[in-house]
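What follows is a set of notes on a single structure, which appears directly below.
The values are calculated or read from the model by the stated rules, or taken from the named source; none is laboratory data. Computed from a prediction, not measured in an experiment: that's the story for all the values here. Cβ atoms come from the backbone with ideal geometry, glycine included; neighbour counts cover every protein chain shown.
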């Protein structure tokens, strides 16, 4: 994977973003046969102790993933294409406590986890297009070089040991940031789309089917410190398009009917069929009205 300054390759996208703000059609170009919405999973902790989701290939493990459908089953909400997290869990920012000792964090915004993106790219490679060049768009608001780092040291460590631990973390992070990416994020050139700017990266579907690809990407993933994920992905033939809009808690995919059917059928991805007019704003869920979690 490497940075590309060829922002003109994304010139086809803007004219096809014809939907109203907050709709599917505002973040994925019009003209595809079908569209799907992949829900970002909330993370579940058992009253302060993570029920860890196993991690592969050196990525940090985290609390267990839950599906939105599982949360809706607790709260009595209805799953449908325009479902909103607030509609099934009663809020988007605060931790939600459910019976049985579970605390749920709200789904991540603008961020499809590496392991889930690997699944999506595997589906794309099998159903839509052969392995080949992809273009990734990384939102210009990410600051991969200036993140706050935390170094953990043993209790009773000396100042020298603490400094050494800090230096080790900083060195590892510096090595994980491609200088070209950091410079481009700070000053362009950018792909300009309505309300957003992106830098572009070159990759392949084969790369992205490996969930450990961020550790080799140059976008700031180092050891247990996660970095950003791409907001846009499309192949050279423009057969499909992926958008993890920075303010959405779901990733939108447009493509052929066969590709979208494969996404909807995948057992790992929690996906719903949508159309360009589907409303994904906080007011889009007209069926569920901020279901309160059941009493614990």
> Here are 75, 95, 53: which of them is in contact with a strand residue (DSSP E or B) (Cβ under 7 Å, 6 or more places away or on another chain), more than 29 Å from residue 262 (Cβ to Cβ) and at pLDDT below 90?
Replying inline: 95
> What is the number of the single condition among (1) modelled with pLDDT of 90 or more; (2) closer than 30 Å to residue 258 by Cβ that residue 140 does not meet?
Replying inline: (2)
>> Going by what's in this entry, would residue 252 be described as within 14 Å of residue 121 (Cα to Cα) and either in contact with a strand residue (DSSP E or B) (Cβ under 7 Å, 6 or more places away or on another chain) or at pLDDT below 95 (or both)?
In response: yes
> How many residues does the stretch 249-268 contain that are more than 16 Å from residue 28 (Cβ to Cβ) and touching a residue at least 40 places away in the same chain (Cβ under 8 Å)?
Replying inline: 5
> Does any residue of the stretch 32-49 turn out to be under 21 Å from residue 248 (Cβ atoms), at pLDDT 90 or above, out of contact with any strand residue (DSSP E or B) (no Cβ under 6 Å at 6 or more places or on another chain) and outside any loop (DSSP other than H, G, I, E, B)?
Replying inline: yes
>> I'd like the full set of residues that are part of a loop (DSSP other than H, G, I, E, B) and in contact with a strand residue (DSSP E or B) (Cβ under 7 Å, 6 or more places away or on another chain), limited to the stretch 5-19.
In response: 6, 13, 17
